1. Between chains B and A, what is the buried accessible area in Å², counting both sides, with a 1.4 Å probe and ligands, DNA and RNA left out, to the nearest 100?
2. Within the stretch A:60-83, name every residue whose backbone N is under 18 Å away from a label modeled 7 Å from Cα of A:Ala32 along the Cβ vector.
3. Jot down the radius of gyration and Dmax of the stretch B:190-319, Cα atoms only, both in angstrom.
4. Step through the residues of the stretch B:197-204 one at a time and calculate ³J(HN,Hα) from phi using the Karplus curve (6.51 cos²θ - 1.76 cosθ + 1.60, θ = phi - 60°), rounding each to whole Hz and writing x for Gly and Pro.
5. What percentage of all Cα-Cα pairs in chain A are separated by more than 24 Å?
6. Decide, for the protein assembly as shown, between rounded, prolate and oblate: order the square roots of the alpha carbon gyration tensor eigenvalues as a ≥ b ≥ c, take rounded if a/c falls under 1.5, and otherwise choose prolate if a/b is larger than b/c, else oblate.
7. Below 9 angstrom from the Cβ of B:Gly102, what's the summed charge of the other residues (Lys, Arg +1; Asp, Glu -1)?
8. Nearest 10 degrees, 0 to 90: what angle lies between the long axis of helix A:63-75 and the longest principal axis of chain A (Cα atoms)?
Amino acid sequence: MSSLFERLGGAPAMQAAVDDFYRRILTDDRVAKFFEGVDMDAQIAKQRSFLTFVTGGPAEYSGQDLRQAHKHLVDGGLADEHVDAVVEHLTATLESLGVGQAEVQEVAALAESTRKDVLNR
Amino acid sequence: MTAPTVTIDGENLPLLPGESVLDCLLRHERPVDHSCRAGHCQACLVQGTPAPPDAQAGLKPSLAEQGFFLACQAYPKERVTLSSVAGAAPIRCVLQSSESIGEGIARLRFVARDSFAYRPGQFVNVRHPDGALRSYSLASVTAEDFLEIHVRRIPGGLVSNWLCTLQPGAELEVRGPNGTCYYLPGDDGDVDRPLILAGTGTGLSPLWGILRDALAQGHRGPIHLLQGALRADRLYLIDELGELCRATEGQLRLHLCALEGSDVGPITNQPLDACAHEVTKSLAAAPRAFLCGDPAIVSKLQRALFIAGVASVDILADPFLPTPTPVATA
Ligand SMILES: Cc1cc2nc3c(=O)[nH]c(=O)nc-3n(C[C@H](O)[C@H](O)[C@H](O)COP(=O)(O)OP(=O)(O)OC[C@H]3O[C@@H](n4cnc5c(N)ncnc54)[C@H](O)[C@@H]3O)c2cc1C
Ligand code: FES
């Protein structure tokens with residue numbers, strides 16, 4: 001069976017999904033503060049590889065990189081509640097694209113699997 | 001795999017951990033052009049194999065294919081053999097006129113001796129007699145037979161002050177053009193989409209070029225030009241913009257924002273990003289946006305427009321990054 005990434009329309013469709021996802025994050029006071037002053041283009045590129053990864057598309061994603069990238073945020077207070085919020089937005093984005101419940105759960109589980117590395121545990 | 005090394009003219013220069021190709025060359029007293037050190041100005045273009053792909057982001061495909069890459073963005077994991085560190089070919093120019101057009105802002109018009117093709121809104125790297133390079137955006141349109149830049153005098157600034165003292169007839173050397181912040185008619189229907197052009201200070205320079213280029217290329221949709229300044233007397237080109245507003249019969253709309261000074265006539269005290277948000281929300285169709293000038297403000301505008309619903313691919317940003325002051329070498 002093809003991956004959700006392919007069924008969503010591959011890389012071109014990912015752009016709109018990434019915008020929707022990142023916009024939800026930036027307008028959520030719980031997590032927006034972690035994105036203050038960061039380069040938006042670079043951030044969007046990162047969100048694109050994250051979404052590509054969790055929908056089963058071609059993305060290189062290593063736990064080591066994730067740890068490295070989030071280290072300073074964890075020092076600045078990044079915790080479980082913030083990861084929860086991001087997973088919530090991911091779910092909302094997929095639902096807005098018409099992805100079925102079973103698959104949304106699968107993606108959420110894959111996102112969940114990065115929690116340990118993101119929080120540097 | 002070999003240790004990270006830069007090979008040039010048969011000499012092997014080992015890279016220190018975390019060192020860019022640019023820093024390695026400079027440490028070994030190999031002169032290479034550079035300016036922003038942030039992958040933006042393209043002054044540090046070098047040619048070699050294998051070209052680190054990360055250091056080719058934003059390059060013209062024709063340059064990337066020939067193995068050009070940006071030395072300041074190159075952190076190779078193996079040996080890279082350089083065939084050229086000469087950068088882009090220099091274009092010799094002669095200054096035609098220099099005129100003050102605003103508080104601390106000079107308009108320089110010059111003519112290229114060699115053939116020079118560009119798109120309004122792109123920038124050139126101007127060389128100071130000492131060899132230092134700084135980027136300046138092109139405000140002229142291709143129908144004009146001169147190149148125009150707007151230079152803000154930075155107190156203590158090397159190149160901006162030098163440029164402002166040049167007399168007509170002076171020779172100067174530029175490289176480029178570089179940058180992707182310019183108008184393309186794009187796909188069907190794009191000429192009817194709204195445009196948002198926003199910036200502060202000399203960020204207006206590329207916007208003035210892009211604005212007139214879009215009109216010349218037959219753009220039909222509404223165009224909103226947002227100019228911001230700390231003080232009202234720092235806004236410039238007001239008369240020219242007003243004239244263009246009248247000539248385009250409402251297609252062009254001006255939004256002038258100054259944090260200090262008179263809240264009179266067309267000038268408001270609204271912060272530029274708030275104005276950008278409001279304008280975006282008032283539009284009937286999805287706009288394309290061009291943002292130029294002070295990096296902190298460009299970044300704020302980018303965020304404001306994105307949150308207001310503009311697609312990330314439709315926002316072109318051209319932050320005027322200052323050149324980092326070199327760290328003293330022992
Ligand atoms: C893509 C791009 C396009 C650009 N287009 C234009 C343009 O069209 N017009 C224009 O005038 N400039 C433009 N710039 C900025 C320009 O390249 C120079 O950075 C600027 O003119 C200062 O150079 P300088 O040699 O005079 O000062 P420098 O000798 O480099 O700097 C002197 C001191 O001033 C500080 N400084 C530098 N810039 C500023 C600033 N803006 N405000 C306060 N302090 C500062 C520096 O940190 C340093 O301490 C552009 C930059 C980029 C990257
Ligand atoms: S792009 Fe390398 S110095 Fe500007």
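The values are calculated or read from the model by the stated rules, or taken from the named source; none is laboratory data. None of these values were measured; they are calculated from a predicted model. All Cβ positions, glycine included, derive from the backbone under ideal geometry; neighbour counts span all protein chains shown. Note: accessible area is taken over every heavy atom of the protein model, side chains too, but ligands, DNA and RNA are not part of it. Shrake-Rupley method; radii C 1.70, N 1.55, O 1.52, S 1.80 Å.
1. Counting both chains, the buried surface is close to 1000 Å².
2. The answer is A:82-83.
3. Reported Rg and Dmax, both Å: 13.4, 38.
4. Listing the rounded values in order: 10, 9, x, 10, x, 6, x, 5 Hz.
5. 21 percent
6. oblate
7. Result for the local shell: +1.
8. 40 degrees
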